[in-house]
Structure formats: structure tokens, C-alpha cells
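K.L.:
The structure follows.
The values are calculated or read from the model by the stated rules, or taken from the named source; none is laboratory data. Here the structure is a predicted model, which is why all the values come from computation and not from measurement. Cβ placement follows ideal geometry from the backbone for every residue including glycine, while neighbour counts extend to all protein chains displayed. The area values use the complete protein model at the heavy-atom level, side chains included, leaving out ligands, DNA and RNA. Shrake-Rupley method; radii C 1.70, N 1.55, O 1.52, S 1.80 Å.
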Amino acid sequence: MATMTAAQRRDLAKQHYDAYVAECPTRQLLDRISDKWVSLVLAALADGPRRYAELNRVIAGVSPKMLTQTLRALERDGLVERRVTAEVPVRVDYELTPLGHSLQPVMSAVKAWAETRMDDVLAARARYDSSVEKTGCTV
């Protein structure tokens with residue numbers, strides 16, 4: 001079997017979308033959807049369109065700047081649609097696109113897993129922290 005150069009591996013990955021290759025677009029998409037604000041925005045939009053202020057209220061701790069950046073990135077990736085309605089004042093709604101809806105079952109499953117398994121994770125952390133304190137070693 002012939003060996004490939006790094007450039008050849010990158011070219012091949014682009015053809016096959018290999019997320020293990022740093023330059024691959026799928027890696028960038030995984031980076032995006034694994035962001036905590038993205039997962040929370042997608043979860044908040046699962047039940048239908050919401051205004052910016054509603055999203056800001058529902059997602060505790062997100063700054064206006066971060067929420068705006070997240071919504072723009074999701075819009076760019078085709079996961080969220082921004083709809084402006086000419087009213088006084090102007091109304092802006094955000095909702096999932098069909099592509100965004102197709103991602104929803106995965107995101108909902110991860111959110112549900114985190115919510116139901118948090119006690120197990122906290123117990124594991126406590127065990128780990130206790131063992132590190134006793135031995136003084138993390139490796």
C-alpha cells in the first residue's frame with residue numbers, strides 16, 4: 001500500500017468529508033454544533049419560532065453579543081432562518097430550517113442525556129477528584 005503525503009490526505013478527506021482531518025468542512029461543522037450556545041439555541045427553537053428577546057430570556061447566561069454571533073453562524077450554516085416582519089417596531093423571528101429540524105433529534109438526545117445522567121457525571125467527578133487529592137497525581 002502506497003503512503004500518502006499530508007496534502008494528499010487532505011485532498012482525499014475533502015472528497016470524503018473525514019472529520020478527523022483538521023481542514024475538513026465536517027470538522028468545522030462539528031465544532032459549530034458542539035458549541036454550548038448553539039445547542040441551547042437549537043433546543044430553544046425546537047418548539048417553533050422565537051424573537052431575539054425571547055431567546056435571550058430563555059438561554060440564561062448568554063450575552064447579547066454571543067447570542068447574535070451564534071444566530072448569525074447558524075443562519076450562515078443553513079440551520080436557522082431569520083425572518084423580518086415590517087411592523088412598528090420591526091419584528092425579527094428566528095426559526096429552524098428543515099436542515100435545522102433534521103439535526104434536532106440528535107441535539108435533543110444529547111440534551112436529555114446530559115440532564116438525566118448529570119448525577120452519574122457528578123459522582124464520577126467526585127471520585128476522580130478524591131483520587132487525585134489522595135495521590136497528588138493526575139497522570
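K.L.:
Of the residues GLN15, GLN28, which is assigned to a helix (DSSP H, G or I), polar (S, T, N, Q) and at pLDDT below 85?
P.N.:
That would be GLN15, the only listed residue that is assigned to a helix (DSSP H, G or I), polar (S, T, N, Q) and at pLDDT below 85.
K.L.:
Output the number of residues of segment 92-112 satisfying the condition of being surrounded by 11 or more Cβ atoms within 10 Å (Cβ to Cβ), part of a helix (DSSP H, G or I) and not charged (D, E, K, R). Reasoning before the result, please.
P.N.:
In the first step, residues of segment 92-112 are kept if they are surrounded by 11 or more Cβ atoms within 10 Å (Cβ to Cβ); the result is 92-97, 99-104, 106-108, 110-112.
Next, only the ones that are part of a helix (DSSP H, G or I) stay: 99-104, 106-108, 110-112.
After this cut, where a residue has to be not charged (D, E, K, R) as well, the list is 99-104, 106-108, 110, 112.
Here the count works out to 11.
K.L.:
Hey, another quick one. Here is a check on your reading of the model: is VAL84 touching a strand residue (DSSP E or B) at 6+ places or on another chain (Cβ under 7 Å), open to solvent by 60 Å² or more (accessible area, probe 1.4 Å) and over 30 Å from HIS16 (Cα atoms)?
P.N.:
yes
K.L.:
Report the residue count in segment 38-90 for those that are under 15 Å from GLN104 (Cα atoms) and of a type in the set (A, V, I, L, M).
P.N.:
11
K.L.:
Also, I was wondering about something else. Those residues that are hydrophobic (A, V, I, L, M, F, W, C), in a loop (DSSP other than H, G, I, E, B) and open to solvent by less than 80 Å² (accessible area, probe 1.4 Å), I need them from segment 45-65; list them, please.
P.N.:
Within segment 45-65, LEU45, ALA46, ILE59, VAL62 meet the criteria.
K.L.:
Hey, another quick one. Taking the condition more than 14 Å from ILE33 (Cβ to Cβ) and part of a helix (DSSP H, G or I), does MET118 pass?
P.N.:
yes
K.L.:
To continue, here is another question. Quick one: which residue in VAL80, VAL62 is of a type outside the set (Gly, Ala, Ser) and touching a Leu at 6+ places or on another chain (Cβ under 6 Å)?
P.N.:
VAL80
K.L.:
Scanning segment 76-91 for residues that are outside any loop (DSSP other than H, G, I, E, B) and touching a residue at least 24 places away in the same chain (Cβ under 8 Å), which turns out nearest to the chain's Cα centre (by Cα)? Talk me through it step by step, then tell me what you get.
P.N.:
Let us first name the residues in segment 76-91 that are outside any loop (DSSP other than H, G, I, E, B), namely 76, 80-85, 91.
Okay, now just the ones that are also touching a residue at least 24 places away in the same chain (Cβ under 8 Å), so 80, 83, 91.
Values: VAL80: 13, ARG83: 22, ARG91: 26 Å.
Looking at the filtered set, the residue picked out is VAL80.
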